[in-house]
Amino acid sequence: MTTDVAAPEFVPTGIDQQPRRGLPLPPARAWTADRPADLGPLQPRGAAFGNPGPDQGYGLKLARRFVDRLVLAEGENADDAVAGCLGVALRRASLFGRAPVIHDFEIAFTIWGFLDEAPSELVAMRRPLFQAVEHHYPDQRAIADLVPEATLRLSAAQVAQRWPAEWRQLLGV
């Protein structure tokens, strides 16, 4: 026994009522970056260009998550620590061609000794570098450029394992 079920009028019931296939779309035309603001496949490099990467603005939100965990020496400021380490973390993220993640900041704050009691030599080295760095972009770039690329390619676990015993090697001094 079959039961007929009513269907709305717009539902095709036979092959002759199926939608017709239109003409296929032509393939897309070639595109080139020819407008003044289009950078093309290669990003410019040089002094003060930084390390471009996707969604770097999100990095500041991630960096602010560490403010309560920072171990600052006398005369150091949390905003300066965040500004100085932000460039390091963003540089690491751009090396991998991705947006920043929390591990980038874990590494940046760890190698500069802001997440634990830092050796006195490291504090003496970082104090003048980070002083008022929040207001000076060239100084922020200098801090980011001090960290060797080999260190930035390490995982957070590898950095944690090597710090503080090898802090000089991690910072390239």
- Query: How far, in degrees from 0 to 90, does helix 120-130 lean away from the longest principal axis of the Cα atoms of the chain, to the nearest 10?
  - Reply: 60 degrees
- Query: Helix 78-95 sits at what angle to the longest principal axis of the chain, using alpha carbons and giving 0 to 90 degrees rounded to 10?
  - Reply: 50 degrees
- Item | About the Cα centre, charge dipole magnitude for segment 33-173 (Lys/Arg +1, Asp/Glu -1 at Cβ), debye | 380 debye
- Relative contact order (percent) for the chain, with alpha-carbon contacts under 8 angstrom and 6 or more residues of separation? 21 percent
- Once every DSSP H run of n ≥ 4 in the chain is given -39500 (n - 2.57) and the sum is divided by its residues, what mean residue ellipticity at 222 nm do you get, rounded to the nearest 500 deg cm²/dmol? -11500 deg cm²/dmol
- Query: Roughly what would the spin-label model give for Arg153 and Ala73, points 7 Å off Cα along C-beta, in nm?
  - Reply: 3.1 nm
- Task: Go through 109-116, 88-95 and give me the packing order, highest mean Cβ count within 10 Å leading.
- Result: 88-95, 109-116
- Item | 23 Å tail of the calculated P(r), the chain, as % of Cα pairs | 52 percent
- Query: In degrees from 0 to 90, rounded to the nearest 10, what is the angle of the helix 137-146 Cα long axis to the longest principal axis of the chain?
  - Reply: 80 degrees
- Note on the structure: Between Arg45 and Leu23, Cβ-based FRET efficiency (R0 45 Å, step 0.05) works out to 0.45
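We did not get these values from a lab; they are worked out from the coordinates using the rules stated. All values derive from a computational prediction rather than experimental measurement. Don't worry about glycine lacking a Cβ; one is built from the backbone with ideal geometry, like all the others, and counts go over all protein chains shown.
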